[in-house]
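To start, the structure itself, in structure tokens.
Please treat every number below as a calculation from the coordinates, not as lab data. From a predicted model like this one, the values you see are computed outputs, not experimental measurements. Neighbour counts are summed over all protein chains in view; Cβ atoms, including those assigned to glycine, are modelled from backbone coordinates with ideal geometry.
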Amino acid sequence: MNESFLVVGSGGRLGRSLVDCLARSGPVAGLDRKHLDLSDGDGIRRVLDPLEYDHLVLTAALTAVDHCETHREEAFAVNATAAGIIAEVSAAKGARVTYISTDMVFDGTKDGPYSEEDPARPANVYGESKLEGERRVMAASARNLVARVSWVHGPARPAFPEWIIGRACEETHLTLPGDKLCCPTYTLDLIGWLDALWRTPAQGIFHLCNSSPCLWRDWGQACIDLARENGIPVIADTIRPVPVDSVPSFVARRAKNTAMETAKFTAATGIHPRHWREALREFVVQSPTFSRYKPLTHAP
Ligand SMILES: NC(=O)c1ccc[n+]([C@@H]2O[C@H](COP(=O)([O-])OP(=O)(O)OC[C@H]3O[C@@H](n4cnc5c(N)ncnc54)[C@H](OP(=O)(O)O)[C@@H]3O)[C@@H](O)[C@H]2O)c1
């Protein structure tokens, strides 16, 4: 592809890796919070107006779910209003926008994984604001894409795997929700799936995540088991499951099932996302983040 890309959110976990990967095959520019504050609508127009690009990928968002719950206006300004302005400016240039959205647009009442056809009914303010962002982006141009992702992790910025492995190196007794089902998404896989979609005329909403839903507790257990296998000095053993509603630090409600199916993506591209365990293994083995936990095998 020789089309040019602009990544809004290049300081974040997905945005940073996306800029690095896209730079290997063509022109790409990134904007982080320093260049573009999404809470400033006029500023967005001022920054984007002079820029030329074929694709804009909006990865930036107010992602702190509990903060959003108590800062509704800020959540909607960043996740919905800014997305709408970005999509309008981009549509006027004839550029396509890909809006990275979330599994949290679902309320968790379905028995089984969600498809793109299922009605979205968010259980918290973060999910509501992202759903409104999806609507505004699609209203600006039917050519746009919405990619719903979940439990995002990858090398550019620590996420849940680094957090749970870090805790497992310091504490023996750990708990995690054993009644929350979701699908982990490895950023380096996600970038390959997005690239495949951009090579098709696909438009509208797509679910993109690694295959096979898992419980939060089982994801955490896999993280610490892989860490131990890779020489990281983990002292925790079996993670005890607890109800998600009992986690004292959660302000926003977490839906119990937000697993997503990816059949629509497979039909569009022929790609079957690999199992989350395979992606996690690759991440834990290869990520430089984990090397600081590894005991030295030789004198420095
Ligand atoms: N992480 C997940 O588990 C998860 C799950 C489902 C969906 N998603 C979606 O996936 C996308 C990428 O997530 P991620 O994991 O890469 O998140 P991330 O690392 O938190 O990146 C989000 C970026 O948005 C930036 N940002 C926040 N408020 C901003 C503002 N007012 N103006 C400009 N930039 C602002 C942040 O800047 P700072 O670095 O300066 O804070 C950060 O760089 C997001 O759209 C998110 O909603 C993520």
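Using a Cα distance threshold of under 22 Å, what count of lysine pairs results for the chain when pairs must be 8 or more residues apart or interchain?
Close lysine pairs found across the chain: 8.
Going by alpha carbons, how many degrees (0 to 90, nearest 10) lie between the helix axis of 276-286 and the longest principal axis of the chain?
Between helix and principal axis, roughly 80 degrees.
For Ser39, Ser141, what's the fewest-to-most ordering of other Cβ within 10 Å of each Cβ?
So the residues, fewest neighbours to most, are Ser39, Ser141.
Mark the label point 7 Å from the Cα of Asp237 along Cα→Cβ and return the residues of segment 150-172 whose backbone N is within less than 18 Å of it.
168-172
Compute the helix-to-body angle for 125-140: its Cα long axis versus the longest principal axis of the chain, expressed 0 to 90° and rounded to tens.
30
Among Glu69, Glu132, which comes first, second and so on when ranked by fewest other beta-carbon atoms within 10 Å?
With the fewest neighbours first, Glu69, Glu132 line up as Glu69, Glu132.
What is the fewest-to-most order of Arg274, Arg254 by other Cβ atoms lying within 10 Å of their Cβ?
By the 10 Å Cβ count, ascending: Arg274, Arg254.
Using modelled backbone amide H atoms (1.01 Å from N, in-plane), which distant-in-sequence or interchain residues come within less than 5 Å of Leu176's amide H?
Amide H neighbours of Leu176: Arg240, Val242.
How much mean residue ellipticity at 222 nm does the chain get from its helices, if each DSSP H run of length 4 or more adds -39500 (n - 2.57) and you divide by all residues, to the nearest 500 deg cm²/dmol? Could the numbers behind the result be given before it?
Numbers: 11 runs with 111 residues, N = 300.
So the helix-based figure for the chain works out to -11000 deg cm²/dmol.
Starting from the Cα of Glu52, move 7 Å in the Cα-to-Cβ direction to define the label point; list residues of segment 81-106 whose amide nitrogen is under 20 Å from there.
89-97
What is the angle, in °, between the Cα long axis of helix 187-198 and the longest principal axis of the Cα atoms in the chain? Nearest 10 is fine, range 0 to 90.
The answer is roughly 30 degrees.
Starting from the Cα-Cα distance between Arg121 and Val251, subtract it from 0.36 nm times their residue separation and give me the gain in nm to one decimal.
Stretched out fully, the Arg121 to Val251 stretch lengthens by 45.0 nm.
From the Cα gyration tensor of segment 1-122, with a ≥ b ≥ c the square roots of its eigenvalues, which class applies: rounded if a/c is under 1.5, or else prolate if a/b is larger than b/c, or else oblate?
On the way: a/c = 1.86, a/b = 1.42, b/c = 1.31.
Prolate.
What residues have an amide H closer than 5 Å to that of Val28, excluding those fewer than 5 places away on the same chain, when H is modeled at 1.01 Å from N in the peptide plane?
Phe5
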